[in-house]
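Beneath this line is the structure, given in structure tokens, with notes to follow.
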Amino acid sequence: MYDNYDIRVALVSYLKANSTVVATLDDPLEIRELSWQGEDFSFPNIRVTCSVTPTQCNITDVTAVVSYFSERKSSKQAIQSQGIIAKQLHEDDFTANSIHMSAIVVTQLPDAVQVSEGVWKADVNLTMKASGGT
């Protein structure tokens, strides 16, 4: 069984290693967990959160959200990057930090929302299975 921390770390590691996703950012270090509380950060950035449900046979069901934050006048950058992230993850599988993620499905791509003046957020909602790495 894996907990939220294990899954977030693995998903963040995978995204940081994905050159297509990293190309949507000015700073590749700006892929972090949603609850990261540093003082120095820049836009655009990507934040990851998840919830886990342990099941049988050492498999964990995961619901995750990859959020793309953009500081632009319109939502265009956030929406375009949301689509890039979704295409990289949908129906993919990977192993990161000894955790194998499989059965990855993008379940929803909601419209971008303005979370503060000049800051847009576009989410990629996912479901997947986590199991021991191969």
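Throughout, read-outs are computed from the coordinates displayed, never taken from laboratory work. Everything quoted here is computed from the prediction, not taken from an experiment. With ideal geometry, Cβ positions are generated from the backbone for all residues, glycine too; neighbour counts draw on all protein chains shown.
Of note:
- Mean separation of Cα pairs under 8 Å and 6 or more residues apart, divided by the residue count, gives the chain a relative contact order of 25 percent.
- Estimated dipole of segment 1-124 in Debye, rounded to 20 [Cβ of Lys and Arg +1, of Asp and Glu -1, Cα centre]: 260
- Loop-located GluC sites (Glu not before Pro) across segment 1-42 with a Cβ neighbour count of 15 or fewer within 10 Å are GLU39, with loop assigned by DSSP.
- For the options ILE85, ILE31, ILE59, a Gaussian network treatment of the chain with springs between C-alpha atoms closer than 10 Å singles out ILE59 as fluctuating the most.
- Candidate cross-link partners of LYS73 among the lysines, defined by an alpha-carbon separation under 23 Å and a same-chain spacing of 8 or more, comprise LYS121.
- Percent of C-alpha pairs per 5 Å bin in the chain, short distances first: 2, 11, 21, 25, 19, 12, 6, 3, 1, 0.
- Against the main long axis of the alpha-carbon atoms of the chain, helix 76-89 sits at an angle near 20°.
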